[in-house]
Amino acid sequence: MRAYEIRPLATMEEYRACVALQEETWGHGYSEIVPPAIMKVAQILGGVAAAAWSPDGSLGGFIFGMTGVRDGKVVHWSDTLAVRRGIRDSGLGTRLKAYQRSVLLERGVTEANWTFDPLQSRNAYVNFAKLGIVAREYVRDIYGESGSPLHRGIGTDRLIAVWPMDSERVRRRVSGEEKGPGAGVLRECREVLGATPGAGTGAARPGGVHLGAEDPVVSVAIPADVLALMAESLELAVAWREATRTVLTHYLGRGYEVRELVRGTHASHYLLYGRPYP
């Protein structure tokens, strides 16, 4: 990966470049694009609006969020993270999050939140394995109907990430000292939503839903690649949405938290723990 410099946005040209990257990422006409004025105001009020620039001046990615009060505590809401197509598996997104964490900790802000689609395996893996988040809230259709082709047809259900940036777990994950568990851990926990292999090369289907388990750790399957699944069968993608919504809302409502994501070839699995992480 080229040596990208990460720094706060400073000029209108830089803000406009980040708007263009949002359109490239979520599609032209995407209605939730963050405009330059909001990014500028958020910076004034303690938010983060920064981008990664290559030596030739091209934009590699950017991150944006606002700082405010939630439930009586000062937190940062990390609203948008985008990395240019072609370098999305280069680690630049993780570097942008590490930059955000460093800036916020210097300001005395120790917790960040954001939303992510629980069906997006790749994003979830980064959030849990590389950043060390946990998730305790599931919100159905938090953004209503979205204009992005990435969301169309399956709603905007989201998990809310809790990122305790000053914790040892987060420090070890961000630094690379610690990684998430491997597939072997799945043999040690109760499966409350499985994946049934599709016929031939077909995509996996959601298996049986099991509510009421009392195990300390349970696993919940999701598609390995929901975007490919949506292109193949929107009906099947909707079935996954409905099954995961049922299971995750049930167990999170009973006090479980999502703490890990184990990636697989045909399906990935969340690990839900019955006792909150310290």
Residue among LEU271, LEU211, LEU227, LEU261 that is within 19 Å of the chain's Cα centre (by Cα), surrounded by fewer than 17 Cβ atoms within 10 Å (Cβ to Cβ) and at negative phi: LEU227
Exactly one condition in (1) of a type in the set (D, E, K, R); (2) at pLDDT below 95; (3) out of contact with any Ser or Thr (no Cβ under 8 Å at 6 or more places or on another chain); (4) not in a helix (DSSP H, G or I) is not met by GLU32; state its number. (3)
Could you look through the range 214-224, keep only residues that are outside any loop (DSSP other than H, G, I, E, B) and among the hydrophobic types (A, V, I, L, M, F, W, C), and pick out the one that is surrounded by the fewest Cβ atoms within 10 Å (Cβ to Cβ)? VAL217
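Could you please find all residues in the range 12-29 being assigned to a loop (DSSP other than H, G, I, E, B) and either touching a Leu at 6+ places or on another chain (Cβ under 9 Å) or at pLDDT 95 or above (or both)?
First, the residues of the range 12-29 that are assigned to a loop (DSSP other than H, G, I, E, B): 27-29.
Passing the criteria: only GLY27.
A quick yes/no check of all residues on (1) out of contact with any His (no Cβ under 7 Å at 6 or more places or on another chain); (2) assigned by TED's automatic domain parsing to the domain that holds ARG136; (3) free of Cβ contacts under 8 Å to residues at least 24 places away in the same chain:
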position	(1), (2), (3)
PRO197	no, no, no
GLY207	yes, no, yes
LEU227	yes, no, no
GLU232	yes, no, no
VAL238	yes, no, no
THR244	yes, no, no
HIS250	yes, no, no
GLY255	yes, no, yes
SER268	yes, no, no
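The values are calculated or read from the model by the stated rules, or taken from the named source; none is laboratory data. Here the structure is a predicted model, which is why all the values come from computation and not from measurement. Cβ sites come from the backbone with ideal geometry, for glycine too, and all protein chains shown count toward neighbours.
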